[in-house]
Amino acid sequence: MLKGNLKCSEINKLLIRYINFDLNKKDSLRVAIHLRNCPKCMEKYSSILKRKNELKKIFIEIEKKIRMQNEISSYIDMECGDDSRFIIEAMLICDEDYKKEFEEVNNLKNMFKITESEILNSKKTNYTQKILAKERYSNYEKIKLVNKLIPFMPYIKQKFANLP
Ligand SMILES: [Zn+2]
């Protein structure tokens, strides 16, 4: 049977690159011919492809969640513009996932603030604990700042890339 002049073991080494369109035309064609004629390798190919698509979906979901949390966080901290506020408020009315995420982010923020201010205001808190609490607070503010800058990063990167 014609299998594109490649052994199954050789195909195994090329499959990932084939799936990622990372092979030259000639090798890509050889793998394609082999796959058409070898059910065993075809099965392997399908399962890798399926796994890849599943992972892609998971990454998209994670990205979506992070974006949502950043938006909500800047809304709670009153750091977003009127347009964004309007959109977020509309989302909170009509999107259950958004509402759930909002409550979670809000609870976490409140919990953090209460704990830290309790530590700072308590007479029992010693000097070291107060310094650590202050440090956590300033880290928290730093993370907020970085989150605010992240949306501009691709633009900034692109700007530099376009320089002569
Ligand atoms: Zn094979």
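A short reminder: the numbers here are calculations on the coordinates, not readings from a lab. Since we're looking at a predicted model, the values are computed, not measured. Glycine also receives a Cβ, built like all others from the backbone with ideal geometry; neighbour counts cover every protein chain displayed.
Which angle between 0 and 90 degrees, to the nearest 10, do you get for helix 96-121 versus the longest principal axis of the chain when only C-alpha atoms count?
For helix 96-121, the angle is close to 50 degrees.
Counting pairs of Cα atoms in the chain, how many percent are more than 21 Å apart?
68
Rounded to the nearest 500, what is the chain's calculated 222 nm mean residue ellipticity when only DSSP H runs of at least 4 contribute -39500 (n - 2.57) each, over all residues?
-28000 deg cm²/dmol
Arranged by the count of other C-beta atoms within 10 angstrom, fewest first, what order do 96, 10 take?
Fewest-to-most Cβ neighbours within 10 Å comes out as 96, 10.
Expected output is a single nm value to one decimal: the length gained when fully extending between residue 63 and residue 116, i.e. 0.36 nm times separation in residues minus the C-alpha distance. What is it?
Length gained between residue 63 and residue 116: 16.2 nm.
Run the reach check for residue 124 against aspartates and glutamates, Cα to Cα strictly under 19 Å, same-chain hits fewer than 8 apart removed. What comes back?
The qualifying aspartates and glutamates are 116, 135.
Given points 7 Å out from each Cα along the Cα-Cβ axis, report the residue 100 to residue 134 separation in nanometres with one decimal.
The two pseudo-label positions are separated by 4.1 nm.
Lysines within cross-link reach of residue 50: Cα-Cα under 24 Å, excluding same-chain residues under 8 positions apart?
3, 7, 13, 25, 40, 64, 65
Using a cut-off of 20 Å between alpha-carbon atoms, which aspartates and glutamates can reach residue 44, once sequence neighbours fewer than 8 places away in the same chain are excluded?
Once the sequence-local aspartates and glutamates are set aside, what remains near residue 44 is 10, 22, 27, 54.
May I ask you to sort 23, 29 by Cβ crowding, counting other Cβ atoms within 10 Å and putting the fewest first?
Working: 23 18, 29 12.
Ordered from fewest to most neighbouring Cβ atoms within 10 Å, 23, 29 come out as 29, 23.
Highest mean first, what order results for 33-43, 12-22 on Cβ atoms within 10 Å?
For the peptides 33-43, 12-22, the packing ranking is 33-43, 12-22.
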